[in-house]
Structure formats: structure tokens, C-alpha cells
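Scroll down for the structure; my scribbles are underneath it.
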Amino acid sequence: MHLEILDWIIIISFFIVFIVIGLVVAKQSGKDSKSFFLSDRNMPWWLLGVSMVATTFAADTPNFVAGVIREDGVFGNWIWWSFLLTGMLTVFFYAKLWRRSGITTDLEFYELRYSGKSAAFLRGFRAIYLGIFFNIVIMANVCLATIKIGHVMFGLSAVHVLLIASPVVVIYSAFGGLKGVLLTDFVQFIIAMIGSIWATIYIVNMPEIGGIDKLLSTPAVAAKTAMLPDFSKPELLIPLLIIPLAVQWWSVWYPGAEPGGGGYIAQRMLAAKDEKNATYATLFFNIAHYALRPWPWIIIGLASIIVFPNLESLQAAFPDLNPAFVKNDLSYPAMLTFLPAGLLGIVITSLIAAFMSTISTHLNWGSSYVVNDFYVRFLRKEATDKEQVAVGRISTVVMMVFAGLLALVLEEARDGFNLLLSIGAGTGLLFILRWFWSRINPYSEIAAMLISFVIAAFFFINGKMDTPMVDIAGHWQLVIGVVVTTIGWVAVTYLTKPSDAETLNSFNSLIFGNESKFKGFGMKILGFFAGVVGVYCTLFAIGNFIYSNNVLAFSLSAVAVVCGLVIIKSFQKTDL
């Protein structure tokens, strides 16, 4: 496939825009660490909310969704749709608390909430574990998708793709700090939405597809369109709906959907002007991420079933591609090869933008851990602001290099998703309760982290063996990890002492003031359920409009409007 001059003009123009943004804000962002990592805590909700959405749309996201649809159908997306409950929990219970804490990173929370050397160890260890190891795994997964797109669409090798795609994002991330990331995220999100919607319209109307009605009436596609699994088939119902809704959302730590908030979502809440902006940003993110954005990817995934009905047809279309890379998630970039000049340039730009928005966030977020929670906290407490910014920029480059190297050994987007889920299995409930249950201590967190990692490592190695030691389905592996890890950290909580009274009193005074921890819980719970139901109704209303089920679509829309009114009332009653 060859890009026309118009395509190159579009792509290069946006590359220039991204670099210029990074260089323009470099001086302001580089003046101190607070500016570099939190943009002076003065960001509005709409910019932060768009940035959250842009960050969670990586180049691997549409690949992942298309792969899920081809394997399981539309209802297979419940494995990530279920995380809406986690997001709404953050909106109504935790966004306000994070902003009120006034800390620089969510890891600083450990020495705010806990006491002693164990709290310091936990903060330092998590800085390396999450900021470097975990972060590099996430970025490698994003790089993998970009490698596939580059090879499928342009015949580039994995190394060439990384050498082309990485430098621009490293430049504006290293120089522009969080403000540069937020501003480029805003531009990137607009490009990404325009590109994905326009590409969907074009692909659906290709002669091979014949329009939306013909697409949906094709037997092979119609079998994949259900939004809920067949309740008479437990082999689908249990792993794809029951476990995600009953267990996964509250028990698993996953980037962008951390129970109780955390990671780059917490970073953006901490950068907000005030508590209201932190809350509104998180609400906008959950609406846009779960309800407004998925359908273009879903439709292209369904269309790919007609053009590439199986893996053999994908391999035949791209004979030079390493067979290890030929998985169902390859179908999305494969469909984009049919786009015409101009639109192709926009779509390629949108995918590059998606790659860069996610990578830039993880680079800035990861370097904030390295600098604030490891370097300054343990190595050089007297480090100047200029030195901190310099270390942040160096760590940005180093993490990008290692992420690229790891990407060369991964095979499918879903592999990375499942590995991250299993590593965080069982830790989620702790993150939800630690704000309110005073007995939880650093040893609780250390136990949860170690137990979940050991279990995940065992199942991961077991799955790669020619003759596995145990043969347990992936969803039951997740449940085992959750149960064992939860029992383990709860037992450790009761066997060890809570943090000292002075630390707990100081934390409660800062976060809750003189009010009860549970003030307004009733309205917050009502708002939480209204948010969950409202977003799901919006998601399914859009789907049913596409499917031409207009009566059901309008009914779901009406329920969503009612839920919106309940959310407004909840905010009014809880001073938001």
C-alpha cells in the first residue's frame, strides 16, 4: 500500500503540530516538577476528561475490540465494558478525595495514609514496579498494535515502525510535560474520532459490504451482533458477562480502570483546578469511553468477518507477515487498507495520534513515579527542580526504548490485556476500602501485590508450557487469583497492626475534615447506579439505532435521560 501526497501532507502536518505544542509549553512545563507532572494544578475538567479518553484509545484498542468481536461477538466486549462500574465508583466516591489530598502522584498516598518504613518501602517499590515494569508492559502492548498496522499497511518491519513512530512522542513528552500531553491529547482525540467514524462509513458502504443493512443480515455477521450472550449457554455467559460484572470490576487493578482511581486517571484528577473539575472530568471520561466511542470499532470488526472470514484469509492477504502476528486483532488494520487517499491519511494520523496519546501519558506518568516517588524520595531529597525535570526527561527516553524491545516478543493485543488483568487480580477491593477501613496497612498492600503476582506468573508460565501442569480456563484462573489474593491480604491485615493513630488522624482530617467518612453515601450510591445504568443505556441505544431497532433505542435513550437527571441531583446534594 502506498500513501499519496495528500496523505503525507496530512500526516506530516499533524506531526509538526504535536512537536510545536511540546516545544511551546516546554519552558513553562520545565520550570519545576509540579509544572512538569501536574501542569500547576490548574486544568479544566473538559481538557482533563478528553485527555483521559484519548489516553485510553491506543493504537491497540480498535485491534483488541475487532479481535474480541471476531472471536466472541459484540457481547465479548463485556470483559472491558464491566469496568464502567469501577469508573463510576471513582466519579462519585474518590475523585473529590484524590483532589483534596494535594499530593503529586497517587503513590505519595502511601506515606499520607500509612506510617513507618513499610510505607516508605511500599511507595518506592511501587514506583519501580508500576512506573517502570508494569508501565513498559502496557506501552509494549500499544507498540505491538502499531507494529502490526505499520506492517499490514506499509510493509514495514517491526524495528522500522518503532523508529518512525517513537521519536515524535518522546520529543513532546520529554519537553512539554503534562501540559504538552493534555494539549496534544485534545487534538489527537478529535482526529481519532473523525478518522474512526469516517473510516467506518466508507468501509460499510464498500461494494464488498453493501451497506449497513446487508452487513447485519449476513449470517456470519448476524451471529456476532448480540450485545448480551445467550443466557442458555453458560460457557459464554459465565466468562463474558457474569465474572466481569460480579467479580472483575471491583477486584482487578487495570490501568485506566483502577478501583478507587489511580495511575494516570489520578494524575489528571490531581491536576484539576478543584474538586468539581476533578469529578466532572472523570464523569465525562466514563461517558465518552464506554458509550460514545466503541461503535465504529465494532462495526469495522463485524465488516472484517465478510472480507477476512478466517485467519487463513488474513495470512493470504499478508503473506510476508510473521505468522505469529496473524491473529484476529490483525483484522482492523487489514480493513483500513481499503481506504482511499485523503481519508487514509486522516485515519493513519488518527492511529498515530492514538499511539502517541497513550504512550505520552504513560511516559509522563511513569517518569513522575521515577522522579517523585523514587529518585527524590530515596536517592536525592535535595534535588533541585531543574534536576528533577532532567531525570524525568531521561527516564522518558529510557522507558520508551525498553517498551519497544518488549513489543518485539508479544504476539496479540489480548495477550497483554489478559496478563495485566491476572497480575492485578484480587488487589482491587483493597484500593476501594483503604480510604475508609483504618485497619488496612502497608503489609496488606504488599501481601496483595506479591500474592497476585505469584499466581499470575504461575498461570502465565503454565499456559506457555507444551504440557501444562494444570488445565484451568482463563476466567477461572482470574477467579482463583481474586479469591486467594483477597483471602491473603485480609488475613495479613488482621495479623498486623494498623498505622499509628497520629498518621490516621492526620489523614482523616485532611481528607474528610470534621465530617463523617460516610456523609452523603446514600446519594452517592444512587448517583453511582444512575451513572452505570445511564451510560449502558446510551451505549445500547446507539447500537440499537445502528441495528434499526428504533423503538428499543428510543426507550433506552429515555432511561438514559432520567439517569442524567438523577446524577445532577446527586451532585447537588453532595456539593458537586
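Every read-out reported here was derived from the displayed coordinates using simple, explicitly stated rules and does not represent laboratory data. Note that the coordinates shown come from a computational prediction; the quantities given were computed from them, not determined experimentally. Because the Cβ atoms are built from the backbone with ideal geometry, glycine has one as well, and the counts that use them run over all protein chains shown.
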Per-residue HN-Hα couplings for region 217-233 [Karplus 6.51, -1.76, 1.60; θ = phi - 60°; Hz; x = Gly/Pro]
8, 5, x, 5, 7, 4, 5, 10, 8, 4, 8, 10, x, 5, 5, 8, 10
Summing Lys, Arg as +1 and Asp, Glu as -1, what charge do residues with Cβ under 14 Å from the Cβ of SER157 carry, SER157 excluded?
0
Report the longest stretch of the chain that contains none of the GluC sites (Glu not before Pro) sitting in a DSSP loop with at most 13 other Cβ atoms within 10 Å.
5-207
Between 0 and 90 degrees, rounded to the nearest ten: what's the tilt of helix 501-512 against the longest Cα principal axis of the chain?
50 degrees
Given H placed 1.01 Å from N in the peptide plane, which residues other than close sequence neighbours of VAL252 have an amide H under 5 Å from its amide H?
GLY426, GLY428
Using the alpha-carbon centroid of each, what span in Å lies between region 245-260 and region 324-381?
22 Å
In degrees, nearest ten, helix 117-128 long axis to first principal axis of the chain (Cα):
20 degrees
Treating the beta-carbon of each Lys and Arg as +1 and of each Asp and Glu as -1, no other charges, what is the dipole magnitude of region 56-193 about its Cα centre, to the nearest 20 debye?
440 debye
Can you tell me the orientation of helix 550-573 relative to the chain, as the angle in degrees between its alpha-carbon axis and the longest Cα principal axis, to the nearest 10?
20 degrees
Kindly write out, for region 390-399 in residue order, the coupling ³J(HN,Hα) from the Karplus curve 6.51 cos²θ - 1.76 cosθ + 1.60 (θ = phi - 60°), rounded to whole Hz, with x marking Gly and Pro.
4, 5, x, 5, 5, 5, 4, 5, 4, 5
Karplus-derived 3J(HN,Hα), 6.51/-1.76/1.60, for each residue of region 273-279, Hz, glycine and proline x:
4, 7, 5, 5, 5, 5, 5
Region 529-547 to region 478-517: how many Å between their Cα centroids?
35 Å
Out of region 262-364, which trypsin sites (Lys or Arg not before Pro) are coil in DSSP terms and have no more than 16 other C-beta atoms within 10 Å?
LYS273
5 Å is the cut-off here: which amide hydrogens, built 1.01 Å from N in the peptide plane, fall below it relative to GLY262, excluding neighbours closer than 5 in sequence?
none
Net length gained if the chain between ILE164 and VAL561 were fully extended (0.36 nm per residue, minus Cα distance):
138.4 nm
For region 520-576, rounded, prolate or oblate, judged on the Cα gyration tensor with a ≥ b ≥ c (square roots of eigenvalues), a/c < 1.5 rounded, else prolate if a/b > b/c?
prolate
